[in-house]
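Asks: Would you mind keeping the following structure in view while I ask a few things?
The values are calculated or read from the model by the stated rules, or taken from the named source; none is laboratory data. Nothing here was measured: the structure is a model prediction, and the numbers come from that model. Ideal geometry is used to build each Cβ from the backbone, glycine not excepted, and the neighbour counts take in all protein chains shown. Accessible surface is based on the protein model in full, side chains and every heavy atom, while ligands, DNA and RNA are left aside. Shrake-Rupley method; radii C 1.70, N 1.55, O 1.52, S 1.80 Å.
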Amino acid sequence: MSSFNRRAVLLSLGALSACGFQPVYGPNGQAQGLRGRIAVAAPADEEGFALVERLEERLGRPSIADLALVADIRISEEAVGFLPDGTISRYNVSGRVDWRLARAQDGTKVLTGSERSFTSYSATSTTVATIFAQRDARRRLMVILADRIFQDIVLRADAL
């Protein structure tokens, strides 16, 4: 049974390479030329810090930054779960990031985009636990949005 699984994996890898699949960070991959080229604007708050941190993980810290990324973050919360006594038990956190990638030397826009997503957290009986759950939800949201921005940039990397 395990030899069948290995054969299936090897055949699927062969099929992927035949269809033009290429790793993003591999030789001649779309993201290879982006690593260290994009400077993300300094964060203004905790959510911005989480977004910048994740983007730098994916894009690399800028060494020769000829491109600048600016992101406008908007976050809203909505109560979605209620206990029988009317107490809020769950929140949805929605986020939207409008971003612009421009040439660093003259500010010419190269790419723009907008990403949206949401996550949730539970409100517990203690204030401290609820605050930590809220912070964690907002951080998770920023990671999701940063990954989507990265994917969008990599998919359109040929425009750079």
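Asks: Restricting the search to the stretch 134-160, which residues are at pLDDT 95 or above and of a type in the set (Gly, Ala, Ser)?
Replies: Within the stretch 134-160, 137, 146 meet the criteria.
Asks: Residue 90 - would you say it is in contact with an Asp or Glu (Cβ under 8 Å, 6 or more places away or on another chain) and open to solvent by 60 Å² or more (accessible area, probe 1.4 Å)?
Replies: It is false that residue 90 is in contact with an Asp or Glu (Cβ under 8 Å, 6 or more places away or on another chain) and open to solvent by 60 Å² or more (accessible area, probe 1.4 Å).
Asks: Let me ask something else. With the condition kept exactly as written, say whether any residue in the stretch 13-24 is at pLDDT below 70, β-branched (Val, Ile, Thr) and closer than 27 Å to residue 153 by Cβ.
Replies: Yes, the stretch 13-24 has at least one match.
Asks: Would you check which residues across the stretch 114-128 are open to solvent by less than 40 Å² (accessible area, probe 1.4 Å) and either more than 30 Å from residue 152 (Cβ to Cβ) or in contact (Cβ under 8 Å) with a residue 60 or more places away in the chain (or both) and list them?
Replies: If the condition is that a residue be open to solvent by less than 40 Å² (accessible area, probe 1.4 Å) and either more than 30 Å from residue 152 (Cβ to Cβ) or in contact (Cβ under 8 Å) with a residue 60 or more places away in the chain (or both), then 123 is the only one that fits.
Asks: State all residues of the stretch 139-149 that are buried (at least 20 other Cβ atoms within 10 Å of the Cβ) and of a type outside the set (Gly, Ala, Ser); if no residue qualifies, say none.
Replies: 141, 142, 145, 149
Asks: Another question, if that's okay. If residue 64 passes every condition in (1) surrounded by fewer than 16 Cβ atoms within 10 Å (Cβ to Cβ); (2) more than 15 Å from the chain's Cα centre (by Cα); (3) modelled with pLDDT of 90 or more but one, which one does it miss?
Replies: (3)
Asks: Output the residues belonging to the stretch 68-81 that are closer than 22 Å to residue 124 by Cβ, in contact with a Lys or Arg (Cβ under 8 Å, 6 or more places away or on another chain) and without any contact (Cβ under 8 Å) to a residue 60 or more places away in the chain.
Replies: Selection gives 79, 80, 81.
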